[in-house]
Structure formats: structure tokens, C-alpha cells
Amino acid sequence: MSESSTMQEGESHDLSDDADYAASQQQGSTSISQNGSGGRTVMNEADRAQVVYQKDNVTIHPTQYASERISGRLRLIKQGSSLFMTWIPYKATPSGNDLTRQNSNVRSAERDRNLYTIRPVPFTDVRSIRRHTPTLGWQYIIVVLSSGLAFPPLYFYNGGVREFLATLKEHAFLVRSADDANAFLVNDFQDPLQKSLSSLELPRAVSVANSPSTLVPASPSPFAESSGRTDRDSCDGSPSASLYSERSRQKVHDPAHDLSIQVLEKFSLLTKYARETTSQLLREIHGDNYGAFERKNEFQSLPSSVHDGRSNDIVKVPDEAPVASDPLETSALVKQKIPCKKQNHGEEAATKVGTFELVNCKEFDKLALVWGKPRQPPLGPEEWTTFLDSEGRVMDSKALKKRIFYGGIEHELRNEIWKFLLGYHKYDSTYAEREYLASIKKSEYETIKHQWQSISPAQAKRFTKFRERKGLIEKDVVRTDRSISFYDGDDNTNVALLHDILLTYSFYNFDLGYCQGMSDLLSPILYVMKDESESFWCFVALMERLGPNFNRDQNGMHSQLFALSKLVELLDSPLHNYFKQKDCLNYFFCFRWVLIQFKREFEYEKIMLLWEVLWTHYLSEHLHLYVCVAILKRYRKKIMGDQMDFDTVLKFINELSGHIDLDATLKDAEALCMCAGENGEACIPPGTPPSLPIEDTGSLYPQQDDD
Amino acid sequence: MATIGNNNLNAKLVLLGDMGAGKSSLVLRFVKGQFLEFQESTIGAAFFSQTLAVNDATVKFEIWDTAGQERYHSLAPMYYRGAAAAIIVYDITSMESFTRAKKWVQELQKQGNPNMVMALAGNKADLEDKRKVTAEEARTYAEENGLFFMETSAKTAINVNDIFYEIAKRLPRAQPAQNPAGMVLVDRPAERSRSAACCS
């Protein structure tokens, strides 16, 4: 016990930038918690490992002789945001075939067992996995490490390759090779920027970043730091828990984000090279023509941390660690009261594949660690002036958008800057031009407004459509954000303004008219602008993009929900499959999110922040869809674990309102957007709102009348 | 089929009607006992459930509350498909909303489940001084079209529980197995095991 803790401390200094540091860190801290005097109470939630996949009777064929085959148990173990794979051979059982053979054979089999045991190998060390599904015989996989070495084929006697890959996909970034449908690149990214990360094997750095003591080397004990993250892995999908974990995560890990991003930007040029190397490698292993001897030799030359002399110490602990998180196995181990020897597993024959838990997927936590920059404080007045030249032009609109994307805007500046973001003001306009425009637009607004104001009661009597529209708007404005002081109370003038602006808009865009949801979109704009005409024109600008959301044929909504389903398929295929199985692929449970840009999901201040972030179109015009994916992923465990159907998903999602952590969600959305890269954009048909309409042909909003 | 599981019935119920007629308010009154003067509009749809005890049985209503605006009409079939019951809501102070309610009735008669229990709710009954639709007119219409009719007030709670209770009583006891085509009402595992126990 003291041995292992000593080892752990030593390694935390010596190997802090070692690729296997994360693994050893896991081993060290777990061994302490397992053996500490406080017993299991010391167990650190943050470091708890979890078996996310387990398959029995996964077998290695060291030679052509059936008698020399070694069966064992394959596992995927998740700890923090790192994923490990182990394969532990079963103890040689007296009833086994090999006992009918000579003793020397038994001994050599024993040796082979040691030799072939796969101690926890982090997936950051894995480059690719190739699947073989021969029509005759067993399915098997070949795991290729970043070093270029490969483990011998693992034969799945009980099947389960597909499940293995599906589980892996949930927890690691897995991409099917473009060259070979059976090859999966791990930690490889389609997007050039992300690919460079892979080529640099930065994911290792990410794993290291997950270990608090790396970031704070002076920390006397890993527990001191980790205690702040206690909720991380116990996150049950309840809003409060995830909120907490997100906050603390951000606090602990910020430095790593910046580091990764910087390195990433610098080395993006390496991308192509990395891709070629990987493809070549895959071609090499393609066909699996290695002789057994060759494989064996390769395996023996694996890095020492995976396979070396001190393996006894290293192996027993991580092997045991995941068990601690598994209620069924914990009891077994407590009874045994020993660090299990690797051969013990023969005794636990029952497969647990059916019981593995749907893990609250943290794979994108990991992504967020790499990609999701820490949110910044909002843009304030002083900094804002630095974006402007002496005449008031925004000099670098891209930089401005980026700044707003990461931090939003201080409230007092919103009424000025939103006009740019919405496209009402041009970035290269001067103060004078904007002032002039405002006066022109004000009189233009008054002209349009006058169109309906001049309708006399007698004319209105003969103008059903007008009366209906007015009626719709009247019904909605009195129930829009009345809990906000700006809109509360009887005879509130701002409510009247909402009415006037919406009715004027329904004349300005008579084809589209008024539709439920528009008052939600206008409300924050008026709240920010305070001015009737300016609010109107900002709303007009917003509706240029969101107008199709309200088309009678719902095509704007359909195209977005369709794109959303494609994005989920790309970024979380298990969740996609789940929705498919539940006949939920229409994604109508996200209708409200998309229609009014999450207006009903957050408190007022947060909506304004979210909207200005979305309106930057900094990473994507469709960031809102990635926000949808991020929220769905955040609650995937709850959704799938509770076996929600369409109705319960809808109820659940409607009730999430007010419980979503915006900052964390934005970071996740950013990470997802970056990860999806071009593939993500390919999911979104051209012209999907809020993209501007592709072609400008006469009527923008061909609607049939509402009766 | 006849009696098994009839002590615990799941029934999908959909609320349809003009915007602002008070669909959401009726549901919230029934499910949560709440009333908001300025109940915000429903975007998309909302789902609620509430269980009622009727004689020796319980009925669990799975309630779909829909957006009222005509613009969103095309979404409605998704929600009323497979429904065992519908409440068509109008606002007694608005003749337009009553006209709209009749259109919903027609549509359900054409498209909906023929065994659907339909209720016509004349809501905002507390606003007597603004009444535009007489109870007689509505009742006559309801009788002619095989609906049952009640005037309700989500605000004062008058007849709100009653209308759901009345629907529960009228639901056919031998409710066919849940519509397999719809997105609705899949048996919960617990219920499945319970009915399995009944069968054996």
C-alpha cells in the first residue's frame, strides 16, 4: 500500500508529461483510496472508475493451436474523462483443455497469459481499431497503438464487436476511416484543426489535464484538488448536479484549454501529414496477414508502461478500480479483501454486459476540455471603444464577433452592438451614418405604422384579416414576459409597444403576418433597445433570418430539425439510435428550442447572452443546433436510462426550462461544433435558417391565409 | 381483452382549440391546481399526466396540450393521432373561437379515432358579462355531434376536474391496446408486469 502511494507520488513529478501519466495517476490514487485507513469512505468520486463495457470469452490465439488459445475478459473502463481498455486472461482452470496436455505447456500458457495481458491502456494511446467480421468464424478486432504497434487480434467468442465499438464511440472520439469501412480511427478528427491535435497526440495532454495535481503540482494530495469535483461522475443528469460539476470543472481546468488551443492553432499544418500516416498504417494492417510470431514479437516490444516488469503492482490496482464503481462486483471484492490478481477473473464467469450502466457521457467533457474555451467576462465599454476607429467604424468585425462569442456584452452596450450583430447596422458604418440611418428608419417606421393606425373602425369591420391579426397580437402580448418588471403591471406601455411593433411588422411583412412566438423574439429586443423604431428594425433584421421558422408549411422548422437529427447522428450515434428506436427522429421535442431560439429555456439575462453569442455566427450560423445537441447530450443518460418515449422526452425537455447551465452548454456546443467540423456543416442543408434565404425570388414568405 | 387491466387505464387526451381559449390553463388547473392570469402561449406542444380515480378504477390521462394558432395546424395530427379523448376548448367571450372549435370537431370526426371521447369546453365561464356564445347554442351543437358539453373556468376551477372526470367515466372500458402507430402511450414496464400477473 505504501508502496503504491510512493510510486504515485514519484510519478506525479517525474512523469507529469508522460503519455501514460494519466494511467499511472489513476492507479496511484485509486490504490490509496482502496487501501486507505478510512476504508471505502476515502473513495474519491471524481476518480472513480466505471466499467462501461465488459465482454467475456474474448480470446487471443497466440498460435495456430486451439489448445494455446487464451480467453479472458475485455473491458472498457472510464475514469474521469479518460477511457481505458483492459484484457485480462482468465486463470488457467484445471478443467481446461490445456491440462490434458503436458505440464510444460501449462507453464508456457501461464507465461503467455502474463505476456498478453492488456493492462489498462488509455485510449489516447490508441490510434485505430480494425474490425473483422468473417462470415465463418469469430469476429475479432485489432487494436493499433499510436506507436504503431498492435495488440494481437482479440476474438470475440460471444460476439459483441459492434457493441464494443458503439460503447467506444460513446466515450472516445471514433471516426470510421474513409478508406476502410471496418477501420476506426481513434482520436482522429476530420476537421483539420482537430486532426492536428490528434497528430500531436495532444489528447494525452488532455488526460493529464484531467488530473488536478498536474495543474497544481504543489498540491500535497490529489484529494485536496479532486474534492472540488466530487460531483463529476455522480452527475445523474439532474440540473443542479451538472451545474455544479460544470462550474467546478471550469475552475480547475481552464489553463489546459488555452494551452491546447494555442498548440492546436500552431500545429494545424501538420494535419495532412497525420492523415496520410494514419491511412498508410491502416493499409498496412489491412488484411491481417501477420503471422503469429510476428504479432507476438510486436507485442513484446510494447511500451514498458503497458507491459513491463512492475506489472504486478500496476495491474492489480486499476483492474480493481473499476470494480469499485460497480455495485455487483464491489461486494465480491470486498469479500475477497485482496487486490485481485489478474487471474481471478475466471471465477467471475457471469457476463455483465447486460448490466453495464449507460454512463452520463463525458466524452464531450473531454472535448470541451480541449476545445471549449473558458467563457470570458462580457465585453465592456472600454474594450468596446478599442474596436472602433475614430469615426466609429468597427475595424475588425471578426475579432469583435469572436470576443462576443466567448463572453457576451455588458448590458448597457447591447443596444449599440446588437444592431451590428443583427445586421441592422453595417460594421463599417460611421457614427454619423448610423445616426442618419436611425432618423431615416424612424420615419420609415412611422409610415408603415401609419398604415394600420389609419384603419378606421368602419374599415376594420370590413377587414377581417386585420382584425384577426390584431386579435392574435393582442392575445399574445399580454402574456409575454409579464413577470419581467419591464412588462408587468396593468396598462404597461411596453406591452403596448410590443403590440404596435408586431402589428407594424405584420404590415411590413404582410405575407408572413403574425405568428405565435414572435412576441417572444421581440420582447428582449425591445427590452434592450427601449426605442420603438430601433426595436422594430432590429426585429426586422432578426426575422430576415428567423422568418422561415414561422412559415405555414413549417419548412424552416423541418429543415432545422432535420439538420439536428443529422448532427446527433454524427455526434452521438447511440443517442441517435435510441431516438430512432423510440420513433423520435422528428425531434419535435426540440421545436420550442429552435422556433424561438431557446427564449423559454433560460432566464432573461441569459437569453440575451445566448442570443448575442448565436448572432455572432462566429463558428457557425447554426450554433443553435449544436446547442441543442449539447443539451441533449448533457441529459442523454437520463433520457436513455429512463427509457423515455416521445411524450416523456417532450415533457422532460419542456421542464428543463430554467435548469440549463448556459455557460457549460455553450462550451459544449462550441466543442461539438469544432469536432463536427465540415461533417457537421454537411448535415445542415443550404439555406437552413438562420442562414439568409438562398435566392431572393419575389415573395419571401408565400403563405396561405390563416383562413 | 374485455376486463383485463381495466382497473388501470392509460388514456391519451389532446386539447385543441383557438389560441387564447385557455387550453393550457385548463390543463394546469387540472394537473397542478394552478392558474396564471397571463399564461404564456404554448410553443410546439406540452405534455402532462394526471391520474383520476373513477369508481373502482384509475385513469391515467396523458395529456397533450397544443399550440392554438392556425399557423401550427399542420402539427396537430401528430398530437391527436391515437388519442382516446379530446377536449375542444373555446372561449365563451369569442364567437370566433367557437367557430374554430367546430372546425376541430369536424377534423377529429374525419381524421380521429372513431371511438374518441370528445368533450366541448366553453372556457372562461367566469366572464359572464363578456359572453358571446350562449350555453344553449353550444349544448345543441354538442348534442348534434355526439360530444358532451360543459362550461368551465380555469380561473375559478369550475367544472375543470368534472370535465376530465366525465371523460374518464365515458372511456370505453375495453380500451384497445395502445395505438402502435402513434408516438403515444407505450406501456410502462411496471404496468406491463402487472397486467401479466393478472393474466396468469
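I'd like to verify a number: residues in the stretch A:499-525 that are among the charged types (D, E, K, R), within 14 Å of chain B (Cβ to nearest Cβ) and outside any loop (DSSP other than H, G, I, E, B), how many? So that I can check it myself, show each step before the final result.
Our first condition is that a residue be among the charged types (D, E, K, R); within the stretch A:499-525, this holds for A:500, A:511, A:520.
From the residues that got through so far, the ones that are within 14 Å of chain B (Cβ to nearest Cβ) too are A:511, A:520.
Then drop every residue that is not outside any loop (DSSP other than H, G, I, E, B), which leaves A:520.
Here the count works out to 1.
If the requirement is being open to solvent by less than 30 Å² (accessible area, probe 1.4 Å) and away from chain A (no Cβ under 13 Å), which of these qualifies: B:85, B:67?
Values: B:67 fails: away from chain A (no Cβ under 13 Å).
Testing whether each residue is open to solvent by less than 30 Å² (accessible area, probe 1.4 Å) and away from chain A (no Cβ under 13 Å) leaves just B:85.
Looking only at the stretch A:526-563, filter to residues that are touching a Pro at 6+ places or on another chain (Cβ under 7 Å) and more than 14 Å from chain B (Cβ to nearest Cβ); which one of those is surrounded by the most Cβ atoms within 10 Å (Cβ to Cβ)?
Ranking the candidates gives A:563 first.
Would you mind telling me which numbered condition in (1) surrounded by fewer than 16 Cβ atoms within 10 Å (Cβ to Cβ); (2) in a loop (DSSP other than H, G, I, E, B) residue B:109 fails?
Every listed condition holds for residue B:109 apart from (2).
Looking only at the stretch A:124-164, count how many residues are open to solvent by less than 10 Å² (accessible area, probe 1.4 Å), outside any strand (DSSP E or B) and modelled with pLDDT of 85 or more.
Adding up the residues that qualify gives 2.
Tell me, please, whether a residue that is facing another protein chain (nearest Cβ under 8 Å), part of a helix (DSSP H, G or I), modelled with pLDDT of 95 or more and touching a helix residue (DSSP H, G or I) at 6+ places or on another chain (Cβ under 7 Å) can be found in the stretch A:477-494.
Looking for residues that are facing another protein chain (nearest Cβ under 8 Å), part of a helix (DSSP H, G or I), modelled with pLDDT of 95 or more and touching a helix residue (DSSP H, G or I) at 6+ places or on another chain (Cβ under 7 Å), one finds none in the stretch A:477-494, hence no.
Might you let me know whether the stretch A:608-623 holds any residue that is more than 17 Å from the chain's Cα centre (by Cα) and within 11 Å of chain B (Cβ to nearest Cβ)?
No, there is no match, as no residue in the stretch A:608-623 is more than 17 Å from the chain's Cα centre (by Cα) and within 11 Å of chain B (Cβ to nearest Cβ).
Considering only residues that are facing another protein chain (nearest Cβ under 7 Å) and open to solvent by less than 10 Å² (accessible area, probe 1.4 Å), which ones fall in the stretch A:585-603?
Going residue by residue through the stretch A:585-603, those that are facing another protein chain (nearest Cβ under 7 Å) are A:588, A:591-592, A:595-596, A:600.
Scanning the stretch A:585-603 gives A:591, A:595, A:596.
Okay, residues lined up against (1) touching a residue at least 40 places away in the same chain (Cβ under 8 Å); (2) within 12 Å of another protein chain (Cβ to nearest Cβ); (3) open to solvent by less than 10 Å² (accessible area, probe 1.4 Å):
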position	(1), (2), (3)
B:24	yes, yes, no
B:28	yes, no, no
B:44	no, yes, yes
B:54	yes, no, yes
B:59	yes, no, yes
B:63	yes, yes, yes
B:81	yes, yes, no
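Quick test of your reading of the structure: residue A:519 fulfils all but one of (1) open to solvent by less than 10 Å² (accessible area, probe 1.4 Å); (2) outside the structural domain of residue A:471 (by the TED database). Name the failing condition by number.
If we test residue A:519 against (1) open to solvent by less than 10 Å² (accessible area, probe 1.4 Å); (2) outside the structural domain of residue A:471 (by the TED database), just (2) comes out false.
Restricting the first residue to the stretch A:659-672 and requiring it to be open to solvent by 10 Å² or more (accessible area, probe 1.4 Å), which pairs with a second residue that is of a type in the set (Gly, Ala, Ser) meet a Cβ separation below 7 Å and a spacing of at least six or different chains?
If the second residue must be of a type in the set (Gly, Ala, Ser), the pairs left are A:661/A:242.
Out of the residues in the stretch B:90-101 that are part of a helix (DSSP H, G or I) and of a type in the set (A, V, I, L, M, F, W, C), which is surrounded by the fewest Cβ atoms within 10 Å (Cβ to Cβ)?
Filtering the stretch B:90-101 for residues part of a helix (DSSP H, G or I) gives B:95-101.
Now drop any that are not of a type in the set (A, V, I, L, M, F, W, C), which leaves B:95, B:98, B:101.
Values: B:95: 13, B:98: 24, B:101: 27.
Residue satisfying both the conditions and the ranking: B:95.
What about residue A:439, is it touching a Ser or Thr at 6+ places or on another chain (Cβ under 9 Å) and either loosely packed, with under 15 Cβ neighbours inside 10 Å or within 14 Å of chain B (Cβ to nearest Cβ) (or both)? Outline the logic, then answer.
On the way: touching a Ser or Thr at 6+ places or on another chain (Cβ under 9 Å): no; either loosely packed, with under 15 Cβ neighbours inside 10 Å or within 14 Å of chain B (Cβ to nearest Cβ) (or both): yes.
No: the conditions fail for residue A:439.
Checking residue A:464 against (1) among the hydroxyl-bearing types (Ser, Thr, Tyr); (2) open to solvent by 60 Å² or more (accessible area, probe 1.4 Å); (3) not assigned by the TED database to the domain that holds residue A:541: exactly one of these is not met. Which one?
(3)
Tell me, please, whether a residue that is assigned to a helix (DSSP H, G or I), modelled with pLDDT of 95 or more and over 28 Å from residue B:68 (Cα atoms) can be found in the stretch A:579-593.
yes
Quick check on my filter: what residues within the stretch A:637-658 are closer than 21 Å to residue A:586 by Cβ, within 14 Å of chain B (Cβ to nearest Cβ) and open to solvent by 10 Å² or more (accessible area, probe 1.4 Å)?
Once the filter is applied, which keeps residues that are closer than 21 Å to residue A:586 by Cβ, within 14 Å of chain B (Cβ to nearest Cβ) and open to solvent by 10 Å² or more (accessible area, probe 1.4 Å), the stretch A:637-658 yields A:642, A:643, A:644, A:645, A:648, A:651, A:652, A:654, A:655, A:657.
For the stretch B:136-154, what are the residues that are in contact (Cβ under 8 Å) with a residue 24 or more places away in the chain and open to solvent by less than 60 Å² (accessible area, probe 1.4 Å)?
If the condition is that a residue be in contact (Cβ under 8 Å) with a residue 24 or more places away in the chain and open to solvent by less than 60 Å² (accessible area, probe 1.4 Å), then B:138, B:141, B:145, B:147, B:148, B:149, B:150, B:151, B:152, B:153, B:154 are the ones that fit.
(1) out of contact with any strand residue (DSSP E or B) (no Cβ under 6 Å at 6 or more places or on another chain); (2) open to solvent by less than 10 Å² (accessible area, probe 1.4 Å): which one isn't true of residue A:570, the others all being true?
(2)
The values are calculated or read from the model by the stated rules, or taken from the named source; none is laboratory data. As the structure is a computational prediction, the values presented were derived from the model and not from experiment. Note that we place each Cβ from the backbone using ideal geometry, even for glycine, and neighbour counts take in every protein chain shown. The area values use the complete protein model at the heavy-atom level, side chains included, leaving out ligands, DNA and RNA. Shrake-Rupley method; radii C 1.70, N 1.55, O 1.52, S 1.80 Å.
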